[in-house]
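Data first, discussion second: the structure below is written as structure tokens.
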Amino acid sequence: MKAKGVRLHAANDLRLEEFELPQIKDDEILVKVVTDSICMSSYKCAILGTGHKRVHEDVDRHPAIMGHEFAGDIVEVGAKYQDQFKPGMKFTIQPAINYKGEMWSPGYSYEFCGGDTTYCIIPKEVMEMNCMLEYKGEAYYQASLAEPMSCSIGAFNAAYHTKMGVYTHEMGIKEGGKLAIMAGAGPMGLGALTYALHRDVRPSLVVVTDINQERLDRAAVLFPVEEVAEKEGIELHFVNTANFEDPVAELIRISGGTGFDDVLCYAPVAAVVKQSSDILGRDGCLNFFAGPTDPEFSASMNFYDVHYNSTHVMGTTGGNTDDMIESLELTAAKKIDPAVMVTHIGGLDAAAETTLNLPNIPGGKKLIYTHLNMPLTALEDLRARGEEDERYIALADIVDAHNGLWSPEAEAYLLANFVEK
């Protein structure tokens, strides 16, 4: 069958093109993709090409479909999996399949599997690794965002703490502890924040830092400090570190002088990494979450504290399947709202340009609906576009009714009124 998608041919060479999908094999599944949220990892893949660890050397002859945060409907199931999956089932995938120790992944490595396309074929290894996941929630975008949400969930679960004289790691962030989310007013940081406030093991204090006041202001609207304190019993602060001559001293002050038990660093910036190290309290765990593109990236860390105060550093990239399932379940149960990450929507025709220019586009997650043509549009700009097309006004009304957030209602309206029949 014919499909239309954005494929990687070489570094900085993404093409929106039609191509033929082969007939699926007995151990494959044909799916209709509805949504894909564009990840900074996809940008890194696009600009590096075969210099990326997940991209095949022959991508020029077998171009890879871009996008790994996708969801949609199952269309046809190969004989091997017909007892497990059914046509019409809503799905998403865990792209970090880790098949036989290989790094190949949908959205980076496969000629016929990725998210920025109308239809694709899920290869056998996704099912073999139990990475083909049913979603029972309301909206497709929620399932797409389960993957980036699972990355933050994984960061929380991978943190660890110790006791003096005991060589055992207690996994997870410290219950009732103090958490700092550094450079955290972007989409991934806000995903981490919504999870921190609603998971079973919670901190007592959360500080979110950034140097972009607009992003901090938006975060404060989405997570009102007084409301969080009243409903969740958690003290929440938003701090623009650019406003302080000594931001470390200010953060230590907010912590009550103890420093932080857990620090998540969301920017591959040496100064931010150093700040993250400097605010660690005794036995503090620093998770360097942000993946740099520079293989020589380094930053200083206080090794006096490593030795005498048991501070430690680790890093996570992505979540595992259990993290993904937790994300899907929490979203379906409406305990977390991944829509806090979304600031833009667009059609498949916008995916290539958006991916290649992602660092230069402000805001959070860019959500692509693969069966429509639409320029990438900020949610706050929908009403202005209504001057040319009244459908955008109705869409803007729905967004405004949900505190400026994307929602299942907004998606339903979009799919019903913007997709060509």
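The values are calculated or read from the model by the stated rules, or taken from the named source; none is laboratory data. Just so it is clear, the structure is predicted and the values come from calculations on it, not from any experiment. Positions of Cβ are generated from backbone atoms using ideal geometry, with glycine treated the same way; all protein chains shown enter the neighbour counts. SASA here: full protein model, heavy atoms, side chains in, ligands and nucleic acids out. Shrake-Rupley method; radii C 1.70, N 1.55, O 1.52, S 1.80 Å.
Annotations
- Put a plus charge on the Cβ of each Lys and Arg, a minus charge on the Cβ of each Asp and Glu, and nothing anywhere else: the dipole of the stretch 287-421 about its Cα centre is then about 140 debye.
- Projected over all directions and averaged, the alpha-carbon convex hull of the stretch 1-153 occupies 8.4 nm².
- Whole-percent carbon and sulfur share, accessible surface of the chain, 1.4 Å: 49
- Across every direction, the projection of the convex hull enclosing the Cα atoms of the stretch 1-67 has a mean area of 5.1 nm².
- Per residue, the solvent-accessible area of the stretch 106-169 (1.4 Å probe, heavy atoms of protein chains only, all protein chains present) comes to 34 Å².
- For the stretch 184-323: rounded, prolate or oblate by the Cα gyration tensor [a/c cutoff 1.5]: rounded
- In plain terms, the bigger the Kirkwood radius, the slower the diffusion; for the chain, with that radius from Cα pairs, at 4 °C and 1.567 mPa s, Stokes-Einstein puts D at 59 µm²/s.
- Summarising the strand pairing of the chain, around 60 percent of its internal DSSP beta bridges are antiparallel.
- Per-peptide average of other Cβ atoms within 10 Å, ordering 387-400, 101-114 highest first: 101-114, 387-400
- Under a Gaussian network description of the chain, with springs only between Cα atoms under 10 Å, the residue in S150, S300, S310 that fluctuates furthest is S300.
- Protection-proxy order for peptides 229-241, 346-358, 250-262, 136-148, each taking the mean of Cβ atoms within 10 Å per residue, highest first: 136-148, 346-358, 250-262, 229-241
- Residue of G72, G404, G386 that the Gaussian network model of the chain assigns the largest fluctuation, springs spanning Cα pairs under 10 Å: G386
- Sequence-distant contacts, meaning Cα pairs under 8 Å at least 6 residues apart, place the relative contact order of the chain at 16 percent.
- In this Cβ point-charge picture (+1 for Lys and Arg, -1 for Asp and Glu), the chain has a dipole of about 560 debye about its Cα centre.
- Normalised contact order of the stretch 57-117, rounded percent, pairs of Cα under 8 Å and 6 or more residues apart: 47
- If you take the Cα centroid of the stretch 301-375 and the Cα centroid of the stretch 235-285, the two points sit 21 Å apart.
- Compactness of the stretch 118-225 as Cα Rg over 2.2 N^0.38 Å, two decimals: 1.33
- Reach of K366 by Cα under 15 Å, taken over aspartates and glutamates that are not fewer than 8 positions away in the same chain: D36, E69, D116, E147, D349, E353, E380, D381, E411
- Per residue accessible area in Å² of the stretch 241-362, where ligands, DNA and RNA are left out and the probe is 1.4 Å: 46
- Where the alpha-carbon atoms of the stretch 255-380 are placed on the principal axes, they occupy 58, 37, 29 Å, in descending order.
- Residues with amide H under 5 Å from that of G281, placed H, sequence gap 5 or more: F260, D261
- Ignoring aspartates and glutamates fewer than eight residues from K80 along the same chain, the ones with Cα atoms less than 14 angstrom from its Cα are D26, D27, E28, E125, E128.
- Pairs beyond 18 Å (Cα-Cα), from K86/K136; K53/K100; K86/K124; K2/K44: K2/K44
- Shape category assigned to the stretch 260-328 from the gyration tensor of Cα positions, a/c cut at 1.5: oblate
- The stretch 285-421 - percent relative contact order, Cα under 8 Å, separation 6 or more: 19
- Choice from M341, M314, M132 showing the highest fluctuation, given a GNM over the chain with Cα pairs closer than 10 Å: M314
- Computed over the chain, the per-residue total of -39500 (n - 2.57) for DSSP H runs of n ≥ 4 gives a 222 nm mean residue ellipticity of -8500 deg cm²/dmol, rounded to 500.
- Distance histogram in 10 Å bins (all Cα pairs of the stretch 346-421, percent per bin): 19, 53, 27, 1
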